[in-house]
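A short worksheet on the structure shown next.
The values are calculated or read from the model by the stated rules, or taken from the named source; none is laboratory data. It should be emphasised that the depicted structure is a prediction, and the values quoted were computed from it without experimental measurement. Cβ sites come from the backbone with ideal geometry, for glycine too, and all protein chains shown count toward neighbours. Protein only, heavy atoms only, side chains kept; ligands, DNA and RNA dropped before computing areas. Shrake-Rupley method; radii C 1.70, N 1.55, O 1.52, S 1.80 Å.
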Amino acid sequence: MSNTTIPDTDEPLIDEWCLFVAAPVDPALVGVRRALARGASVELGRDDTSFAPNVFSDARVSRRHARLEVDDAGVLRVTDLGSSNGTTVNGARVERVSLAVGDVVRIGAALLVVQRTPPRFSLPKSVLPGAGPTLARMQSELARALGSGRNIALVEEQGSGAGRVAREIHRIRGAEQAHEWAMSAWTDRLPTALEQALRAKDKATIVLAGLPPRRSIARSLIIERLRAARTTDDPLLVAVLDMAQPHEPELSESLATVTVPALRDRPEDVVPSAIAWANQRAVAIPALSAKAWLAMLRCPWPGNLAQLEATLDQAREALGRGEEEQIERWIRDAATKAPAARGAIEATAPSAEDNAFVFARSGKWFTLATGERVSLHRREVLRRVLGALVSARDEQPGRVINAEQLIAIAWAGERFIDGSGENRLHVALTNLRQIGLRPIIERVEDGYRLDPMVATRIVEE
């Protein structure tokens, strides 16, 4: 973490205007940026290399296409220079207009996202996809938190990626042991295995997804432990906190806090996130038109990174067929399907337990976080697969079941050849994800599990 990000200084850093290349005409160019200080002016055209070679190498771009300039008052404007195909801002053709953070300028096939950045920042690598200043600030906070010797709070809007940041913390520390616990269901006591992990002197990383319900004994115990001073041999506690939930003021005073930014606060990272999604799934980067990429860039993504990835998963087959109208419709729908974006902490916010998935121990049914109940009474294979994942979660949050074990449970006594068992398991897991379990069924290196960072309750029949 030593080579990151925004320099520590007591002098105020005045942000400059900056435009990021967003449309992946060439994926290698995504994230290339050009900063503009006060009084700066730059002309963009077909042979222009002020961003990087080939950004505007498009027959639809005129040789003198548009001008970007920042006046003495600090206002950024774009002016079309009589180009043949025009310049658009947020999809509307313009002649001369002032720009704001988040605006998307289109010149030919290239899309440029407007942002404000410090005059000096770098982001060599981040656990979250992107290369903008907002992630750089998070990386700086993370570096300071790791060097503080205190327990850490990762504060996010749900879906922003705090779970990934927590796992990156464990990787950076190099600790041998990692434990992940969803805390919303514990009231009168803490799990025995968690108490043992808290007492161990093994430098482990313990990730706590949320906190126990308010006014519970378990919450008091966890807060006491979070606030306690650490020695170098103590485990590091990393609490993942939803900024929409009320939290005790003393936590802010005692913990090293890192804010995981919402996706809408880093629009320059939307397309890099889509490219990372494609790389993780070993699929081709979506070959979308500038119009479709614009819809993705302008979507507020109230469900954040998790919602973007879920939308791309849903559109995966349509992406392969190039059905752009359908894809754009899914992106537009994404703005209304997730809960409204949350900023302020309100005392009336629902508890994490209210938003938990609820599973029958046998896997015969489950209840979504929305309250909808789904029965698997007549889908025996799905029931067996889910029952195995639920049992593993109940025994130890984070426990993984490999594919061979799941196949043996779901199709007991059957024999498979040529990978047919793996194919049938893939279909079963896909079906479970499609009926509502996409946010919680997680594929990891050794197999599958119910994501321990997602609030869950397991009940008897």
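So how many residues does the range 174-207 have that are in contact with a strand residue (DSSP E or B) (Cβ under 6 Å, 6 or more places away or on another chain) and surrounded by fewer than 16 Cβ atoms within 10 Å (Cβ to Cβ)?
Of the residues in that region, 0 qualify.
Against the definition (buried (at least 17 other Cβ atoms within 10 Å of the Cβ) and more than 14 Å from the chain's Cα centre (by Cα)), how does Arg281 come out, yes or no?
Taking the combined requirement at face value, the residue does not satisfy it.
Filter the strands (runs of 3 or more DSSP E) completely within the range 28-90 down to those with at least 2 residues that are among the hydrophobic types (A, V, I, L, M, F, W, C) and open to solvent by less than 30 Å² (accessible area, probe 1.4 Å).
41-44, 66-70, 76-80
Which of the residues spanning the range 185-221 are of a type in the set (D, E, K, R) and closer than 17 Å to Ala455 by Cβ?
Correct list: Arg214, Arg219.
Looking at Glu404, Glu414, which is the one that is more than 14 Å from Phe357 (Cα to Cα), at pLDDT 85 or above, surrounded by fewer than 20 Cβ atoms within 10 Å (Cβ to Cβ) and not small (Gly, Ala, Ser)?
Step by step, each of Glu404, Glu414 is checked, and only Glu404 is more than 14 Å from Phe357 (Cα to Cα), at pLDDT 85 or above, surrounded by fewer than 20 Cβ atoms within 10 Å (Cβ to Cβ) and not small (Gly, Ala, Ser).
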